[in-house]
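Single-structure report; data block below.
What follows is calculated from the coordinates using simple rules that are stated; it is not laboratory data. Keep in mind it's a predicted model, so treat the numbers as computed, not measured. Ideal geometry is used to build each Cβ from the backbone, glycine not excepted, and the neighbour counts take in all protein chains shown.
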Amino acid sequence: MQYISGRIANPDRIYFDLHAAKLSAQLKRGVIINSALVSNVRVAQNSSSVVRIVLDVNGVKDYTASLLSDPYADH
């Protein structure tokens, strides 16, 4: 999966654009989250082949992102 990520201020948020992706009907319903660091998660089909995930963050100073080769394996 190819993606780009970035950070936007006021209000603070981190976004991920997932390339060659289509949003499923289940995710179109929204995501509920209750966390001190992430106050909200939004997902949308940004263009015909890009899904954007936006994390509204509270007090996050820095972040890193990486892909796992086998995300379901015990680490």
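Data for the structure
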{"quantity": "Cα-based shape type of the chain, given that a ≥ b ≥ c are square roots of the gyration tensor eigenvalues and the cut on a/c is 1.5", "calculated": "rounded"}
{"quantity": "Simple Cβ-charge dipole of the chain, Lys/Arg +1 and Asp/Glu -1, about Cα centre, in debye nearest 20", "calculated": "340"}
{"quantity": "Sequence of ASP56, ASP62 once ranked by neighbouring C-beta atoms within 10 Å, starting from the fewest", "calculated": "ASP62, ASP56"}
{"quantity": "Added length on full extension, which subtracts the Cα-Cα distance from 0.36 nm per residue, VAL60 to SER39", "calculated": "6.4 nm"}
{"quantity": "Long-range HN-HN contacts of ARG13 with modeled amide H, under 5 Å", "calculated": "ILE8, VAL57"}
{"quantity": "Contour excess over end-to-end distance, with Cα ends at SER48 and ILE4 and 0.36 nm allotted per residue", "calculated": "14.2 nm"}
